[in-house]
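Read-outs: derived from the displayed coordinates by stated rules, not from any lab. Keep in mind that this is a model prediction, so the values were computed, not measured. All Cβ positions, even for glycine, are placed from backbone atoms using ideal geometry, and neighbour counts span all protein chains on display.
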Amino acid sequence: MKKDKKQEFAILKKFVEVYCNHHHGTNGEGLCDQCNDLLAYGNQRLEKCPYDPKPKCKDCETYCYRPKYRQDIKEIMKYSGMHFVKRGRIDWLIEYFAR
């Protein structure tokens, strides 16, 4: 996996971890089965992305997530994005969304 896709996966993982901690009670002890499955699916989709460089999901012409996963990812991104904003991680979010 290329560096930019590895970085995107690391960010996705952080978002999923925050969401799982607060919604599924994992308390930083890993991920629940549902979130682990979603993260594995997200990694698989990143690896198979035909675009180089990979565009932001909102600007992409191709939906790579199945509808169920797409809805879950939207919910996770919305919740975790606000979590990071409230904790002063705006610099981190700007870096992610500016790519």
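Per-structure values
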{"item": "Label corresponding to percent of Cα pairs over 17 Å apart when calculated from the structure given, among (1) 47; (2) 55; (3) 52", "result": "(3)"}
{"item": "Extension gain from E29 to R87, taking 0.36 nm per residue of separation minus the Cα-Cα distance", "result": "18.8 nm"}
{"item": "Order of T26, T62 - criterion: other Cβ atoms within 10 Å of each residue's Cβ, fewest first", "result": "T62, T26"}
{"item": "Residue with peak Gaussian network fluctuation, the chain [Cα springs, cutoff 10 Å], from Y41, Y63, Y19", "result": "Y63"}
